[in-house]
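The block underneath contains the structure these notes are about, expressed in C-alpha cells.
The values are calculated or read from the model by the stated rules, or taken from the named source; none is laboratory data. Only a predicted model underlies this, so the values are computations on that prediction, with no experimental measurement involved. Every residue, glycine among them, receives a Cβ derived from its backbone with ideal geometry; neighbour counts consider all protein chains shown. Just so you know, the surface numbers come from the protein's heavy atoms only, side chains and all, with ligands and any DNA or RNA stripped out. Shrake-Rupley method; radii C 1.70, N 1.55, O 1.52, S 1.80 Å.
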Amino acid sequence: MEKNQLLDACCKAIGLCTFIALLASCSMPRILVLRDPLSPEEHINLGLSYEKNGEYGAALKEYETASKKLPIGYLYIGNILFLNHDYEGAEKAYKHIIHKTNDPRAHNNLAWLYYTAGMKLAEAETHARRAVELSPDNQDFTDTLLKIIEKRQNQE
C-alpha cells in the first residue's frame, strides 16, 4: 500500500504543480509590442491609393500615420481636408508643413485654398510667389500666382 500511497501523492503533487502553472500563466501580465510593418512612405502610397478610389477617410488615416515620422504627410492631410471643405484644418496642415520643410507644394496649395475660399488674398499671393520662387519651372504654381493676381486686381 505504500507504493499506492506514494503514487497517489506523486499524482497529487503533479496535478497541483500543473494547476499552479496554468493559473500563473493566465494571470501573468504580457507586454505586446506591435510594430507597424509599413514605412511612412508606404503609408503615403497606400493613402494615395485610397484617395484615388475616393476613400478619403482611409487615406487620411494613412497620411496621419505617415506624418508621425514624415512631415510631408501633412501636405496630404491638408489636401484631403481641403477636398472636404475643411479649410481651417487644411490651412493648419499646410502651415505645419511649410514651417517644417518650406515645401513649394504646400505654399501653392495654401495659396490655392485662400484663392478658392476668397480670403486672405494678399497672403495667398505671398505664398504663390514663394512657391514659384522655390520651383520656377512648375507651370501650375505660376498659374496659381497669375489667378490670384488677377482676382486681387478685380477686387480693387
Problem set entry | Qualifying lysines (Cα of each under 16 Å from Cα of LYS12; at least 8 residues distant if same chain) | LYS3
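Which of the residue pairs LYS61/LYS95; LYS95/LYS147; LYS68/LYS151; LYS68/LYS147; LYS52/LYS151 have a Cα-Cα distance greater than 29 Å in the structure shown? Working shown, then result.
Working: LYS61/LYS95 19 Å; LYS95/LYS147 21 Å; LYS68/LYS151 37 Å; LYS68/LYS147 34 Å; LYS52/LYS151 31 Å.
The pairs that break the limit, which is 29 Å between Cα atoms, are LYS68/LYS151; LYS68/LYS147; LYS52/LYS151.
By average Cβ neighbour count within 10 Å, what is the ranking of 120-128, 102-110, 134-142 from highest down? Don't jump to the answer; show the numbers that get you there.
Details: 120-128: 19.2, 102-110: 22.3, 134-142: 14.4.
Output ranking for 120-128, 102-110, 134-142: 102-110, 120-128, 134-142.
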Problem set entry | For the range 69-156, convex hull of alpha carbons as volume per residue, Å³ | 81
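Quick check: at a probe of 1.4 Å, how many percent of the accessible area of the range 68-156 sits on carbon and sulfur atoms? Spell out each step's value before the answer.
On the way: 2430 of 5050 Å².
Solvent-exposed carbon and sulfur of the range 68-156 make up 48 percent of the total.
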